[in-house]
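None of the figures in this text is laboratory data; all of them are computed from the coordinates on show. Only a predicted model underlies this, so the values are computations on that prediction, with no experimental measurement involved. Glycine also receives a Cβ, built like all others from the backbone with ideal geometry; neighbour counts cover every protein chain displayed.
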Amino acid sequence: MGNVEDQEALVRRATLADLEALVALRLALFCDLGEAASLEEASALAGAVRAYIAQELPAERFCAWVAEAQGVGELVACGGLIFVQKPPVPSNPSGREAYIMNMYTRPRWRGRGLAGQIVAGLCAFARERDVHYVRLHASPAGRAVYERAGFVPITTEMLVRW
């Protein structure tokens, strides 16, 4: 098969057949972000993540795009989108918004534009569903990807944690 640098990846919409790979990528994301000290610690959430994706993916309340390494079928990157229904406002007559989350690319596959392709797929999917706002939280490493896709920072949001 050659080096990973020579391999191609196909970006596509995820299906339930991708469930276990989506769970594994999300757990790897927790480790990379420092939200879990180890894959073992992150694995404590595997059942909950699996149940969420299994329920929400077919209902299209959570949609995911993945990058699949050609020839081996391994998923090497992913991104998710959830929908929020808010009351209509003049700038968003449908009231539909989306939130991009779960963006992750395995380290060996970074720098190839996969995240940008996934964001483009997620945004196109949202536009097809009459979504006027797409939000996300950008890590420092991912910020340039989102800026290239047209995202701009906002400073009006606040957060409280319980």
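Side notes on the structure shown:
- Every pair of different Cα atoms in the chain enters the Kirkwood calculation, which places the hydrodynamic radius at 16.8 Å.
- By the beta-carbon count within 10 Å of each Cβ, the least crowded to most crowded order of H132, H137, fewest first, is H137, H132.
- Rounded, prolate or oblate (a/c below 1.5 giving rounded, otherwise prolate when a/b exceeds b/c) for the range 31-96 by Cα gyration tensor: prolate
- Global form of the range 1-65, assessed from the alpha-carbon gyration tensor, a/c cut-off 1.5: oblate
- From the alpha carbon centroid of the range 1-69 to that of the range 73-124 is 13 Å.
- Loop-resident trypsin sites (Lys or Arg not before Pro) (DSSP state other than H, G, I, E or B) in the range 95-162 with no more than 11 further Cβ atoms inside 10 Å of their Cβ: R161.
- Its relative contact order, with pairs defined as Cα atoms under 8 Å and 6+ residues apart, puts the range 94-162 at 44 percent.
- Around G121: net Lys/Arg minus Asp/Glu count, Cβ-Cβ under 9 Å: +2
- Each residue of the range 63-71 was assigned a 3J(HN,Hα) from its phi angle through the Karplus expression (A = 6.51, B = -1.76, C = 1.60, θ = phi - 60°), giving 10, 9, 10, 9, 10, 10, 5, 6, x Hz with x at Gly and Pro.
- Of the GluC sites (Glu not before Pro) found in the range 87-161, the ones in coil according to DSSP and having at most 16 other Cβ atoms within 10 Å of their Cβ are E157.
- Other residues whose C-beta falls under 11 angstrom from the C-beta of Y52 contribute a net charge of +2, scoring Lys and Arg +1 and Asp and Glu -1.
- For the range 1-83, applying the loop criterion from DSSP together with a ceiling of 16 other beta carbons within 10 Å to the trypsin sites (Lys or Arg not before Pro) yields R61.
- Order of D130, D18 under a 10 Å beta carbon neighbour criterion, fewest first: D130, D18
- Only Cα pairs under 8 Å and 6+ residues apart enter the sum, and on that basis the relative contact order of the chain stands at 21 percent.
- Ranked I100, I154, I118, criterion: other C-beta atoms within 10 Å, fewest first: I154, I100, I118
- Cβ-Cβ distance of E128 and E8, R₀ of 35 Å, FRET efficiency by 1/(1 + (r/R0)^6): the value works out to about 0.85.
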